[in-house]
Structure formats: C-alpha cells, structure tokens
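Everything below concerns the one structure shown next.
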Amino acid sequence: MNSLKRMKEDIAESEQYGARVIRSHRRPPTGNFRKAAAASMLIAALALILAPVAGTPAVKVAVAAPVVDAEELEVSTPELTTAYEIDRMKEQIARSRSRQMATVAPVIVQVIKPTWVHPLASGRGGNSCYRTSARPSHGGVDLAQPSGTHIRSVAAGTIYRKAYERGGAGYYVTVRHAGNVFSQYHHLKTSSPLSVGTPVQVGQVIGYVGRTGNATGNHLHFEIRTGSLSHRVNPASFMRARGINIGC
C-alpha cells in the first residue's frame, strides 16, 4: 500500500509539473492538445485504480502516448507534457529514490593497540636512573608516584612470578613477554591481584604503587631483564627503543 501511495504522489507531482509547463507557453494550447493531455491523465488514473494490491493478481495496463499533431507541439519551451514525458519523470523519480536508498558501504576503522606502554598511565619520568655513579648497583629506574597509583604491564605477556622480599623489593611482580623479555615491578603496596600464569594484555593493571621493602617513599622501581632473570638491561634505553620515554 505504501508503494501505491507513493505512485499516486508521483503522478500528482507530474501533473502539477505538466500544468506549470502548459501555463508557461506563449501560445495557449489548442483543443486537440488539451484532449490529448486529458486522455493521458485519464489512462494514468485508470492504471492506478487497477494497480495490484496485496493478495490480488497483478493487472498490466499499457499507457500509450497520445497522438498530437506536430503543429500542436510548437511551443516556446522544449519541455512537453505528454504521457511519455510523465513516464520519463516517473523514471527519474524512481532512480533518485534508488540512489537515496542505496546501501552505503560501512567504514571500517581499525584501532591499533600499542605494543608497548609506559608502566604508569601518567607517563611520569624517572627520578632515579639505572646504575648511576652515585648508585652503581641500582638495577632499574625509580618512578615516584602517590600510593595506590595503578601499575601497568608494559606489554602483553604472562604473570611469571610474584613474591615478597623483606628489606629489598618488598612486594613485586614479574611479567614474561615474547622473546624471553621480563619486566619487573618492585615496592608494590600489596601483592599483585593476579595469579602466576595469568595472561595479561598490554597496559593491564597488575599492581599498585607503594613503599614496601627497602623504600623511603612511594614509588615504582621498574626493571627490564632479557634472556634470563639474571641479565638486567637499562630499562630507559630498552623502552626508548620501543617509542616509550620513562626518563633518564
């Protein structure tokens, strides 16, 4: 029924358009032209009446363009209001609607997650660096932060070890990454909430800043070890090579 209603509206629009074209002629149309136009409108209306309705067989009605003398078509504008022109306008309306209803191809936006991130969401730089002249045995970078600040895994991996070391690292957790790389996080406020063997995603919270063990204030002591847990490397240089600046 909606298609029938739209077709009626299109015919009405076409008839109004045709009436405007006829009124724009410099010479009034003669009786033959009026009769031809009226006949085309009548046939179009008959087609609407006999149009198929849901549940009834389809009825086809052929609408032929009325015969009009060439003399009757000599008007000041090339636009002709005939059944043929009405059909043309209906086709244009249908094509326009088809274009409007065409399915727009979806835009696929791929969000690429970073491979490595800063261990702290704040991105704060270190205030005590790796093996300085003042602290030649310091095997990591210290990042001062308030107690309870989230500590993130710098890359995807698996919880490899967690423990408590009295007088040293305090509560700490170690994450093993691809390529036999280990990241280690010391002085946690409490034990990591994740169990050993738990897979972690890059940036996932694995603990909270504290001052357990040998610490004079709340901070994260961050280390990187490669090949084995006994081989420490400069975490600032390692992370900088992966586009992450942790200071130092």
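So the values come out like this:
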read-out	value
Residue in the range 226-238 that is surrounded by the most Cβ atoms within 10 Å (Cβ to Cβ), counting only those that are farther than 18 Å from residue 132 by Cα and not hydroxyl-bearing (Ser, Thr, Tyr)	229
Residues located in the range 169-213, provided they are among the polar types (S, T, N, Q) and out of contact with any His (no Cβ under 8 Å at 6 or more places or on another chain)	174, 180, 184, 190, 191, 192, 195, 198, 201, 204
Among residues of the range 127-139, those that are within 21 Å of residue 231 (Cα to Cα), in a loop (DSSP other than H, G, I, E, B) and in contact with a Gly (Cβ under 9 Å, 6 or more places away or on another chain), counted	3
Hits in the range 218-244 - residues which are small (Gly, Ala, Ser) and closer than 15 Å to residue 138 by Cβ	236, 237
Total residues in the range 171-199, condition surrounded by fewer than 22 Cβ atoms within 10 Å (Cβ to Cβ) and either small (Gly, Ala, Ser) or over 18 Å from residue 239 (Cα atoms) (or both)	13
Selection count, the range 200-234, where residues are free of Cβ contacts under 8 Å to residues at least 24 places away in the same chain and either in a strand (DSSP E or B) or not β-branched (Val, Ile, Thr) (or both)	3
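Condition check ((1) modelled with pLDDT of 95 or more; (2) touching an Asp or Glu at 6+ places or on another chain (Cβ under 6 Å); (3) closer than 19 Å to residue 193 by Cα; (4) in a strand (DSSP E or B)) across all residues:
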| site | (1), (2), (3), (4) |
| --- | --- |
| 119 | yes, no, yes, no |
| 125 | no, no, no, no |
| 148 | yes, no, yes, no |
| 154 | yes, no, yes, no |
| 158 | yes, no, yes, yes |
| 168 | no, no, no, no |
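The values are calculated or read from the model by the stated rules, or taken from the named source; none is laboratory data. Just so it is clear, the structure is predicted and the values come from calculations on it, not from any experiment. When we count neighbours, we look across all protein chains shown, and the Cβ atoms used for this are built from the backbone with ideal geometry, even at glycine.
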